[in-house]
Amino acid sequence: MKKLAFILILLAGFAFGAAAQENSFNKSVSFSIGGVTGMDADGLFINSYDPYSLAGIYEPTWSDVTYLPVFSLDGDWILGRWIDVSLSLSYSSMKAEKQKLEGNTIKSFGYSKALQLCLVPGIKVLWANQERFKLYSGFDIGAEARWIIDDGKPDFNLGTAWDLVPIGARFKFIDNYGLYTFTEGMIGRRVLGVRFGFGFAF
């Protein structure tokens, strides 16, 4: 992970150098939703009941797992022709009913919850950079804060959040007007899957 962080910093240095040469600086703010949170991929609240084991008898299990998709607020700065530097704040949560088998009855012990908040800077390479259409790939790395609330006892921890964007596309509706839509395929701790959003460039 340290190597990835070093590469990101190095690319950012090249980006600012390119921006100085191109003398171009475009900003935008966007909001997105979609993808599966990394908490779901970690299997925080899995249904562990197995009639052929002690799981669910001496250990709790969970059911009715629900999660919010990842909501993100992003800022982008396009430097020159090829580089986009970004900063993203995202939020997601999960909830599941905690259960345990007592005799022949499954007893409920309330709900367990998990909240995830991430702040990640990132960098994108623009394969196409036109007024109305942009095609890009990118990488984000930053910090993740996670709260797990089980039996009313919160457990807080910090970790590393990262995303790889193999491909993303951004389309502006009207020339010389900032409103645009975008979609990105993502792999990482913060988002798994595809997210969609709207933004405004200025």
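Figures for the structure shown
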| item | result |
| --- | --- |
| Options Gly75, Gly38, Gly110: the member that is surrounded by fewer than 15 Cβ atoms within 10 Å (Cβ to Cβ) and modelled with pLDDT of 70 or more | Gly110 |
| Flag for Ile141 being β-branched (Val, Ile, Thr) and in a loop (DSSP other than H, G, I, E, B) | no |
| Candidate set: the range 129-149, residues that are of a type in the set (Asp, Glu) and crowded, with 19+ Cβ neighbours inside 10 Å; chosen: the one nearest to Gln116 (Cα to Cα) | Glu144 |
| Residue in the range 174-188 that is under 15 Å from the mean Cα position of the chain (by Cα), of a type in the set (Ser, Thr, Tyr) and closer than 17 Å to Leu87 by Cα present | yes |
| Among residues of the range 97-107, those that are modelled with pLDDT of 75 or more and among the acidic types (Asp, Glu), counted | 1 |
| Single residue of the range 176-191 satisfying the filter (in a strand (DSSP E or B), in contact with an Asp or Glu (Cβ under 7 Å, 6 or more places away or on another chain) and surrounded by 21 or more Cβ atoms within 10 Å (Cβ to Cβ)) that is modelled with the lowest pLDDT | Val191 |
| Residue count, the range 77-119 (criterion: in contact with a Phe, Trp or Tyr (Cβ under 9 Å, 6 or more places away or on another chain) and outside any strand (DSSP E or B)) | 2 |
| Conditions (1) within 30 Å of Asn26 (Cα to Cα); (2) surrounded by fewer than 19 Cβ atoms within 10 Å (Cβ to Cβ); (3) at pLDDT 90 or above: number failed by Gly199 | (2) |
| Residue within the range 96-114 that is aromatic (Phe, Trp, Tyr), under 30 Å from Thr61 (Cα atoms) and touching a strand residue (DSSP E or B) at 6+ places or on another chain (Cβ under 8 Å) present | yes |
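A quick yes/no check of all residues on (1) at pLDDT 95 or above; (2) surrounded by 14 or more Cβ atoms within 10 Å (Cβ to Cβ); (3) touching a helix residue (DSSP H, G or I) at 6+ places or on another chain (Cβ under 6 Å); (4) part of a strand (DSSP E or B):
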residue	(1), (2), (3), (4)
Pro121	yes, yes, no, yes
Pro154	no, no, no, yes
Val165	yes, yes, no, yes
Gly168	yes, yes, no, yes
Ile174	no, no, no, no
Arg195	no, yes, no, yes
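The values are calculated or read from the model by the stated rules, or taken from the named source; none is laboratory data. Since the model is a prediction, treat every value here as computed from it, not as a measurement. So basically every Cβ, Gly included, is an ideal-geometry build from the backbone, and we count neighbours across all protein chains shown.
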